[in-house]
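See below for the structure under consideration.
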């Protein structure tokens, strides 16, 4: 990156606390509660002093860091996909085993030998034990897993991704939101009129 483009990048970022000043630094500390992109005044005010070494960089290095982090996100996504595929494979194996063992026997039961009927009886009686085991163990794990995924969705702010939404989409969303509020107000007024 040449000096002109470095200077341009610095000029593009403005400090939130001092909008008249260009942002010269950015912070990658996960524990930082200050503005992540900041100016020289903020730096002189020691707003990032507790984590300055190792976590605060020149604005020139921001794009490089973002690209690196975006690439590592792809690895995380791939890992999540592999874990989900493995889980689905295990569920499918369990389901197909259960289907093979317990489904479609109703029509064949009259043709079974005594020892086969005894095996079916033992399996069906143990099926209740298995269902209780499944209910107590697997459902609890599934609920924890679901909660973990839901919590991760919120912590990663995946519901707040605005940088990939166009200005036109934002405007459309705002208009639709206002229409929804207007309809809600009209509905409340209509209900109030009906109750009179």
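Couple of notes before you dig in:
- Among 48, 159, 136: highest mean-square fluctuation, GNM of the chain, C-alpha pairs under 10 Å: 159
- Label zone at residue 119 (point 7 Å along Cα-to-Cβ), backbone N below 17 Å, region 80-103: 97-103
- Extension gain, residue 186 to residue 80: 0.36 nm times the residue separation minus the Cα-Cα distance gives 33.6 nm.
- Think of it as helices only: each DSSP H run of n ≥ 4 in the chain is worth -39500 (n - 2.57), and spread over all residues that comes to -22000 deg cm²/dmol at 222 nm.
- With contacts taken as Cα pairs under 8 Å and at least 6 residues apart, the chain reaches a relative contact order of 10 percent.
- Percentage, to the nearest whole number, of Cα pairs in the chain over 27 Å apart: 65
- Highest-fluctuation residue, 55, 31, 167 considered, GNM on the chain with Cα pairs under 10 Å: 167
- Listed peptides 22-30, 39-47 by packing density, highest first (mean Cβ within 10 Å): 22-30, 39-47
- Cα-only Debye scattering, region 41-81: base-10 log of I(q)/I(0) at q = 0.14, 0.25, 0.31, 0.34 Å⁻¹: -0.50, -0.85, -0.99, -1.05
- Span per principal axis, largest first, for the Cα atoms of region 57-161 (Å): 81, 22, 18
- Footprinting exposure proxy for 114, 120, 56 (fewest neighbouring C-beta atoms within 10 Å first): 114, 120, 56
- Residue 99-residue 149 FRET efficiency (beta carbon distance; Förster radius 25 Å; 0.05 resolution): 0.35
- Calculated on C-alpha atoms, the gyration radius of region 103-152 divided by its Kirkwood radius gives an Rg/Rh of 1.31.
- Cα gyration tensor category, rounded, prolate or oblate, for region 3-66 with a/c compared to 1.5: oblate
- Note on the chain: GNM, Cα springs under 10 Å; of 180, 54, 97, the largest mean-square fluctuation is that of 180.
Readers should treat all values here as calculations from the given coordinates under stated rules, not as data from a laboratory. In this text, all values refer to a predicted model and were calculated from it rather than measured experimentally. All Cβ positions, glycine included, derive from the backbone under ideal geometry; neighbour counts span all protein chains shown.
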